[in-house]
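The values are calculated or read from the model by the stated rules, or taken from the named source; none is laboratory data. The shown structure was predicted, so the numbers you read here are calculated from the model rather than taken from an experiment. All Cβ positions, even for glycine, are placed from backbone atoms using ideal geometry, and neighbour counts span all protein chains on display.
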Ligand SMILES: Cc1ncc(C[n+]2csc(CCOP(=O)(O)OP(=O)(O)O)c2C)c(N)n1
Ligand SMILES: [Mg+2]
């Protein structure tokens, strides 16, 4: 196993997932164990987010299209410090009423870090496409100072076998949605067994011919995944990282096999994984240095992300009036609420302080083609 300095961060995802699944006596370990390094690279090096302000408008979006791997998301939300995901909730994985449900559920009320309800394979990548279209439109309309975020989606083999997946590939390539990045868990296994049983085409090639930027990478190499994410963000085309992974990595009895998807895990598997990976900590225990490194991931994000900081930076005051409020007080509501759909359609703004340029900007146009790498 790798001696990368961040390897313990990935293992924290692994062992929280194993412990929660053993306790629940069911769950899908294949995704969190196979994508732990990918998620570590994304959240600690690239993602713009603020656990203390989960609904901050200009946050990067993360969609778990392979929603059966929900423990990946819950472990991340716990480790990075989202208040609704204390360790007690992780321990209640799959218990009725827990926020850690079998598949992620976006709450009706305040944002908690789950961007969208996922479960039907492929649906999440269509959701991610919609989010990326929205960002591109609002970015063109309001400018980088106000709207400038990426949409990342974790996707599995199953998502890319669904019809909706192909529609998404086609439209995102056509629209050149450069801020859409898919992270494909290319483990060549589904719950039916090897993907060779059901698909023989070159999946990455489908993306290439649709105008995507495709990078093939070892999904267990944190450094390589991080470099690929950097390249993805710099490219004007939508990007797909084909991350070669081993399903259920760390569970010797099941890894790389069909049973890795969701075969029942027992205490003995958890113990064997601890020995295999050199994890000396007890169930649901995250060592302080690892916990600290995870907690630093959100504040590390650029732009001091929070609704108030972002709003203060985005509002252009006239006198001491704030663009998004009628009072002299600082912004209370982020513009996405003030900018209702009817106002978005209008080309003029009733607020004195709002630059007409924002509203008069032409609706989003497809970016020009760039030369293929
Ligand atoms: C539309 C749809 N059909 C079937 C399922 C049931 N299902 C859940 S996971 C899964 C297999 C997914 O395989 P993959 O994406 O490769 O996940 P992995 O086994 O790698 O975790 C299936 C068929 C589903 N969730 N949605
Ligand atoms: Mg798979």
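May I ask you to say which residue of 124, 165, 119 is within 16 Å of ligand 2 (Cβ to nearest atom), at pLDDT below 95 and in a helix (DSSP H, G or I)?
Testing whether each residue is within 16 Å of ligand 2 (Cβ to nearest atom), at pLDDT below 95 and in a helix (DSSP H, G or I) leaves just 165.
Being closer than 30 Å to residue 33 by Cβ, more than 16 Å from ligand 2 (Cβ to nearest atom) and out of contact with any helix residue (DSSP H, G or I) (no Cβ under 8 Å at 6 or more places or on another chain) is the filter here, so list the residues in segment 141-162 that pass it.
None; the set is empty.
Would you call residue 47 touching a strand residue (DSSP E or B) at 6+ places or on another chain (Cβ under 9 Å) and surrounded by fewer than 24 Cβ atoms within 10 Å (Cβ to Cβ)?
yes
Right, residue 232: outside any strand (DSSP E or B), without any contact (Cβ under 8 Å) to a residue 40 or more places away in the chain and closer than 20 Å to residue 43 by Cβ or not?
The answer is no for residue 232.
Can you tell me which residue in segment 254-266 is nearest to ligand 1 (Cβ to nearest atom), limited to those that are in contact with a helix residue (DSSP H, G or I) (Cβ under 6 Å, 6 or more places away or on another chain) and in a loop (DSSP other than H, G, I, E, B)?
Residue satisfying both the conditions and the ranking: 261.
Residues are listed down the side, and each one gets a yes or a no for (1) modelled with pLDDT under 95; (2) within 21 Å of residue 150 (Cβ to Cβ); (3) away from ligand 1 (no atom under 16 Å from the Cβ):
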{"position": "186", "(1), (2), (3)": "no, yes, no"}
{"position": "199", "(1), (2), (3)": "no, no, no"}
{"position": "217", "(1), (2), (3)": "no, yes, yes"}
{"position": "232", "(1), (2), (3)": "no, yes, yes"}
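Given the criteria within 16 Å of ligand 2 (Cβ to nearest atom), more than 30 Å from residue 266 (Cα to Cα) and in contact with a strand residue (DSSP E or B) (Cβ under 9 Å, 6 or more places away or on another chain), does residue 225 qualify?
Judged against the criteria, residue 225 is not a match.
Among (1) within 16 Å of ligand 1 (Cβ to nearest atom); (2) over 30 Å from residue 290 (Cα atoms); (3) at pLDDT 95 or above, there is one condition residue 170 misses while meeting the rest; what is its number?
Of everything listed in (1) within 16 Å of ligand 1 (Cβ to nearest atom); (2) over 30 Å from residue 290 (Cα atoms); (3) at pLDDT 95 or above, residue 170 misses just condition (1).
Which condition number in (1) crowded, with 21+ Cβ neighbours inside 10 Å; (2) under 20 Å from residue 239 (Cβ atoms); (3) away from ligand 2 (no atom under 16 Å from the Cβ) is the one that residue 138 fails?
Just one mismatch for residue 138, condition (2).
Kindly provide the set of residues from segment 132-162 that are assigned to a loop (DSSP other than H, G, I, E, B) and touching a strand residue (DSSP E or B) at 6+ places or on another chain (Cβ under 8 Å), ordered by number.
The answer is 149, 150, 156, 157, 158.
Yes/no matrix, rows are residues, columns are (1) within 16 Å of ligand 2 (Cβ to nearest atom); (2) exposed (fewer than 15 other Cβ atoms within 10 Å of the Cβ):
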residue	(1), (2)
176	no, no
179	no, no
201	yes, yes
212	no, no
219	yes, no
235	no, no
262	yes, no
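Go through segment 235-253 and give me each residue that's assigned to a loop (DSSP other than H, G, I, E, B) and either touching a strand residue (DSSP E or B) at 6+ places or on another chain (Cβ under 6 Å) or at positive phi (or both).
Selection gives 235, 237, 238, 245, 247, 248, 250.
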